[in-house]
1. How do the strands (runs of 3 or more DSSP E) wholly within region 372-430 filter down when requiring 1 or more residues that are in the same structural domain as Glu336 (by TED's automatic domain parsing) and in contact with a helix residue (DSSP H, G or I) (Cβ under 6 Å, 6 or more places away or on another chain): which remain?
2. Hey, among the residues in region 185-213 that are out of contact with any strand residue (DSSP E or B) (no Cβ under 9 Å at 6 or more places or on another chain) and surrounded by fewer than 23 Cβ atoms within 10 Å (Cβ to Cβ), which one's modelled with the highest pLDDT?
3. I'm trying to understand the selection: among the residues of region 55-70, which are of a type in the set (Phe, Trp, Tyr) and either farther than 25 Å from Ile168 by Cα or not assigned by TED's automatic domain parsing to the domain that holds Ile374 (or both)?
4. Being at positive phi and either of a type in the set (Ser, Thr, Tyr) or touching a Ser or Thr at 6+ places or on another chain (Cβ under 8 Å) (or both): is that true of Gly391 here?
5. Examine region 108-130 for a residue that is under 18 Å from Ile443 (Cα atoms) and surrounded by fewer than 18 Cβ atoms within 10 Å (Cβ to Cβ), and state whether such a residue exists.
6. Given the conditions (1) under 25 Å from Arg66 (Cβ atoms); (2) without any contact (Cβ under 8 Å) to a residue 12 or more places away in the chain, and given that Leu177 satisfies all but one, which numbered condition is not satisfied?
7. Out of (1) surrounded by fewer than 18 Cβ atoms within 10 Å (Cβ to Cβ); (2) at pLDDT 75 or above; (3) on the phi > 0 side of the Ramachandran plot; (4) not aliphatic (A, V, I, L, M), what's the single condition that is false for Arg259?
Amino acid sequence: MDPLKEYLQTETRRQFFGKAATGLGAAALATLMPERSFGAINKSKDSAQLANGALGALHFAPKAKRAIYLFMSGAPSQLDMFDYKPKMADWFDVDLPESIRMGQRLTTMTSGQSRFPIAPSIYKFKKYDNGGEGAWVSELLPHTATMVKDLAFIKTVYTEAINHDPAITYICTGDQLPGKPSLGAWLSYGLGSDNEDLPAFVVMNATWTGRKSAQALYNRLWGSGFLPSEHQGVLLRSSGDPVLFLSNPDGVSAKARERMLKTLNQLNRKQYEEVGDPETHARISQYEMAFRMQTSVPELTDISTEPQYILDMYGPDVHKPGTFAYCCLLSRRLAERGVRFTQIFHRGWDQHGNISGDLPNQCRDIDQPATALIQDLKQRGMLDDTLVVWGGEFGRTVYCQGGLSRTNYGRDHHPKCYTKWMAGGGVQGGVVHGETDSFSYNIARDPVHIHDLNATILNQLGVDHRRLTAKFQGLDQRLTGVEEARVVREILA
């Protein structure tokens, strides 16, 4: 029997109903527009325009062309870094009042504690001139303190998730349950890429020097969910090939590799013409991108061409592949090359105990490199159209987890309020938005839900979050969910 006919006879149920549902409609449309040919792999002008982003056109003029997300996985302590609460010094080892906690759900780490004693921050804070009313920054972040005029602090971000994996999944994909596309995948899908030789969405997992045991990160955090798989984030690794299988196997020349990919491309195109599975088109695009990346990625990761003064800005760790400093420099190089969205994950922020031992190391990892990234973009004239976001999945409690002393303590998860900052890309520098209560436990004014944060990121890239949708399971799905989200216009220029 003909192998091709045998394959077609054993087509999957999904393929059968997919073709049955769309075949007649496509045929009818073709009779109305005979001069066009249809299919995702067609190279006509119209399909090329579609391939550069499902939206076709932005909803309004963008302030940013690209975004860089510095994600602090594990939840940095806002109380020890940005949310200064001097009155807590008088509350040392006093139980958190029930009028403040109000029966809030606790994690299993502290729900069994007989007491919830308040742990004031042991770190000194200083109010820095931000061109407005000033911004408080702790001694742990001396470099960040120098650029508060470039930053918009949001002190009242909140979420419903109280444990790490659902909380990180929630802020990255808009849902606590796995399976939805990530922010970067939505941007790749909606806006496409400005560079044919690099992916639209790149991810890096940086090393860290704080608490060694850290929350696991799964590739679904940068996955494409129900969107075509070509929109998932491409992970740049810190050792070996920057991208898996980037190098040709021993004995395979670049010419032979090119011939093999051309033949494979022809086979995939034939399969697409016969079966019509969109994932076949995604596979074609990914193979083509992988071949081009064999040239573009080595050039990207070669930082020897950077001037010494730039390397000095990022600090000594910039020379160690995989460090946060190295990743920050690569994120600027990616931005220069038109990559739409870069996300750097920095783990180890889960300080349930030993804050005085672990938190200073974590802050030292990110303080100088994050500052250098902002200033590097600024001096190149790129900060105006590059949005930079810093922060984690939730905050930390004012009460102590475990043993409390004058010099050390731990903090549990706290979803009701925490701090993030944003810079560039149409964000107004020198802004402090929102206020928490004296315990940094509840929001006093101007709450910002994580859906609001994602709506604001999309807005700065020219996208109305309500209109970037994809049909899945009978619904028009979107990053910000079905409930109303708002753009945080108070921080925008």
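1. In region 372-430, 386-391, 395-400, 418-423 are the strands (runs of 3 or more DSSP E) which contain 1 or more residues that are in the same structural domain as Glu336 (by TED's automatic domain parsing) and in contact with a helix residue (DSSP H, G or I) (Cβ under 6 Å, 6 or more places away or on another chain).
2. Selected residue: Thr209.
3. The answer is Phe60, and nothing else.
4. On the way: at positive phi: yes; either of a type in the set (Ser, Thr, Tyr) or touching a Ser or Thr at 6+ places or on another chain (Cβ under 8 Å) (or both): yes.
Answer is yes for this residue.
5. No, because not a single residue in region 108-130 is under 18 Å from Ile443 (Cα atoms) and surrounded by fewer than 18 Cβ atoms within 10 Å (Cβ to Cβ).
6. Of (1) under 25 Å from Arg66 (Cβ atoms); (2) without any contact (Cβ under 8 Å) to a residue 12 or more places away in the chain, only one is false for Leu177: (1).
7. Going through the list (1) surrounded by fewer than 18 Cβ atoms within 10 Å (Cβ to Cβ); (2) at pLDDT 75 or above; (3) on the phi > 0 side of the Ramachandran plot; (4) not aliphatic (A, V, I, L, M), Arg259 breaks only (3).
Residues are listed down the side, and each one gets a yes or a no for (1) at pLDDT below 90; (2) over 26 Å from Leu183 (Cβ atoms); (3) of a type outside the set (Asp, Glu):
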| position | (1), (2), (3) |
| --- | --- |
| Ala216 | no, no, yes |
| Ser224 | no, no, yes |
| Leu244 | yes, no, yes |
| Glu274 | yes, yes, no |
| Glu279 | yes, no, no |
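The values are calculated or read from the model by the stated rules, or taken from the named source; none is laboratory data. Computed from a predicted model, the values in this text were never measured in an experiment. A quick note on method: Cβ atoms are made from the backbone with ideal geometry, for glycine too, and the neighbour counts reach across all protein chains shown.
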